[in-house]
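Every read-out reported here was derived from the displayed coordinates using simple, explicitly stated rules and does not represent laboratory data. Remember, it's a predicted structure, so these values are computed and weren't measured experimentally. Every residue, glycine among them, receives a Cβ derived from its backbone with ideal geometry; neighbour counts consider all protein chains shown.
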Amino acid sequence: MNVEEYGALWEHTTIRILDIRFMHVNISEDPNTWTIPSNSFLLINGKGKIRLGQAMHQVKGTYILHASKGMCLDFLSKNRMEIHMLSYSSPESEKPNSKRSQTFTHTDSLQVSFGFEPAYPLPLFEIMQLIYKQWNELQSADRIRTKALFYQWLAEMLKQMQEYRKSRTKLDRVEQAVHYLTCHYGEALDMKQVAGMLDCSPRYLNKLFQLQLNTSPIRVLSQIRMEQAMKLLVGTKATLQEIAERVGYENGYTLSRYFKKHYGVSPAFYRKRRESNITDVVPKTFEPHAALKSHYAGWVGGMVRKVEADQIHSEQQEITNLKGVPMSMSSAPAAVPRAKTRMLATSMGEITIPNQPGRVVVDWSLGEVLALGVTPLGAPHSLIESNQMLEPYIYDPVGDIGNHNFISFEKVLELEPDLIITWNPAAYASYARIAPTVVYRGSSYGSVAEEIREMGRILNRRTEAETWIKEYSQRVHILQRTIIGKVSTDKTFTIIDPNWGEHVTLVGNKGTRGGKAAYGLLNLKPAGKVRQELLEPGLESLDIAQSSVGRYVEDYLLVLDNGSRQVPDQSSGKPWQKSIETAHCRVINLDWNKYFLSDPLSAVLQAEEMAERIMTSHVSLT
């Protein structure tokens, strides 16, 4: 079990304490088997064996068990045991559509069972005894104190559980990880998988590397791959694609990009200067660990600074020689030139960022950075997948940092960004510990021009911002002029999203899902009730019963379809479809996966497609 993820789960889980008991258990007096009625923590003192489900636990003194609801607990010793048992329920974990189940990958994470021997049992017993004594006090203040004591106990338990897991030496994990990377660098490696094999989280593994090697696993892997690519370029006639596949990259383009970033020259340039050493064939077998063992032994053995210094000097010498630039006569390693930085005033204070950020991570403002020609290093997969119109503007692979509602900070950390752009001030402190961070909320600006100019200021792309603003204005002008010539101004439009639960969502003009494109850029007229209940109050959306949809529709209904159903087909008998049968409206189906975001770039692309769909409708629009 991953202790870090289990602890993080508790941070987002609401529980209700159901029962607290203190028992003396002896096999001769009590039933042989218990069926656990609810998720329970057992704080045990005694000696014997306990079978929990299929797992056997040996108790020698103090022991903690967590048993999930419905599990069988067998006491296999006649020795006396003292047990504090605290049972709880988590209403959120029992609802499949709850926020927690949408946030975490495993909706049943609280159902995990485990056991361990705490190193410092005294504080655990002291707090548990206070909880037990407090349990019978029924005043609201006392109930709050009981729950507070439970979380205090939980925090102590998790702390000791982490210490128990850390009992394996940190050095061993780093050694194992480096060995694995040197043997498997040619494969598509996932650091989460590597960390899992070492029984820790990617974030914890990264911390171990930082402590032991002053670098990250990703950088070690990149270093290994670059060195092997250099050897293959010099010693073989393999194509760039063949070399890329041998060192773990999908294609030659990706290898070339990383190689140039790492060494300062392209693979082709490097090979051209070393042609005299080329052999005819790519080795059919290759044993990287033997060649690199002594090299990385310096890392693992604590000689981090010396190895890194030697390595930097060696690489600089070779690359400088290739470029024909004489090296300094000094015997000391040449200083690595640092990227120029600048001060940037933000809502959270003044920060120092690269003059031209090149490794940008965003957790929401995807369209704004793409509009200025920047492909982010990382972004939520949920934004990429639900905004297919932006694909032509993405020129490089974008790293997945999780769902936009639950960002994986460990994934952001692994990407090693030089700038993070977030919409969420509450996440600022967490992000700022990884890289310089800017809080940017497009909705806080009065116009599209202000939005894009601010992003241009952040990315130091002011010229690109002004160019894009002019193009945007021209595109919107053409759209409005075209739609006015095709659609009567008294025709009304309603947008609905029927894809989430039993209700239907009416879309306004303030948020996502095409509202800005329809009511803003195209200047389409909203249906009367839509205007009264959404636009005039300034609401982003409004959830209504499916049977009520017909009351909000007049001439045209734009339906966001997530692909799970054929929306125009009213034979399926959906309540909202039946409700519009008497409205005699025109239904136009739109792909939900293109209409999620509402940034300026997404909005203008949505408006252009929306206008085309309306104008090519097979019924008269006037």
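For segment 475-615, just run the numbers: alpha carbon Rg, then divide by 2.2 N^0.38 Å, N being how many residues it has.
Values: Rg = 13.9 Å, N = 141, 2.2 N^0.38 = 14.4 Å.
Ratio of Cα Rg to 2.2 N^0.38 Å: 0.96.
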In order over segment 441-454: 3J(HN,Hα) from phi, Karplus 6.51/-1.76/1.60, θ = phi - 60°, whole Hz, x for each Gly or Pro, gives 10, x, 5, 7, 9, x, 7, 4, 4, 5, 4, 6, 5, 5
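Report the far tail of the P(r) of segment 172-236, meaning the percent of Cα-Cα pairs longer than 15 Å.
When all Cα pairs of segment 172-236 are counted, 49 percent exceed 15 Å.
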Candidate cut points under chymotrypsin sites (Phe, Trp or Tyr not before Pro) in segment 454-519, DSSP loop plus at most 16 other Cβ atoms within 10 Å of their own Cβ, are TRP500
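Please order VAL361, VAL559 by the number of other Cβ within 10 Å, starting at the fewest. The partial results should precede the final answer.
On the way: VAL361 29, VAL559 22.
By the 10 Å Cβ count, ascending: VAL559, VAL361.
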The long-range amide H neighbours of PHE116, using H built 1.01 Å from N in the peptide plane and a cut-off of under 5 Å, are ILE64
Rg from C-alpha atoms of segment 148-271, normalised by the globular rule of thumb 2.2 N^0.38 Å, equals 1.38
Summed over the other residues with a beta carbon less than 13 angstrom from that of GLU554, with K and R at +1 and D and E at -1, the charge totals +4
Simple spin-label estimate for SER473/HIS179, 7 Å along Cα→Cβ, in nm, reads 6.6
Listed by chain and number, the residues whose amide H is under 5 Å from that of THR346, excluding neighbours fewer than 5 places away on the same chain and using placed H, are ILE351
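Translational D (Stokes-Einstein, µm²/s) of segment 432-509 at 20 °C and 1.002 mPa s when Rh comes from the Kirkwood sum over C-alpha pairs? Numbers along the way, then the final one.
Numbers: Rh = 16.3 Å.
In µm²/s, the coefficient rounds to 131.
Treat the count of other C-beta atoms within 10 Å as a stand-in for reagent exposure and order LYS47, LYS411 from fewest to most. Present the calculation step by step, with values, prior to reporting the outcome.
Values: LYS47 14, LYS411 19.
Taking fewest neighbouring Cβ atoms as first place, the list is LYS47, LYS411.
Share of Cα-Cα pairs in segment 341-460 beyond 18 Å, in percent?
Numbers: 3328 of 7140 pairs.
When all Cα pairs of segment 341-460 are counted, 47 percent exceed 18 Å.
If you rank LEU597, LEU43 by fewest surrounding Cβ atoms within 10 Å, what's the result?
By the 10 Å Cβ count, ascending, the order reads LEU43, LEU597.
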Note, segment 584-600: 3J(HN,Hα) by Karplus (6.51, -1.76, 1.60, θ = phi - 60°), whole Hz, Gly/Pro = x, goes 6, 9, 8, 9, 10, 8, 10, 6, 4, 6, 10, 10, 6, 7, 9, 5, x
Residue-ordered couplings for segment 12-21, obtained by feeding phi - 60° into the Karplus form 6.51 cos²θ - 1.76 cosθ + 1.60 and rounding to whole Hz (Gly and Pro as x), are 10, 10, 9, 10, 10, 6, 9, 6, 9, 10
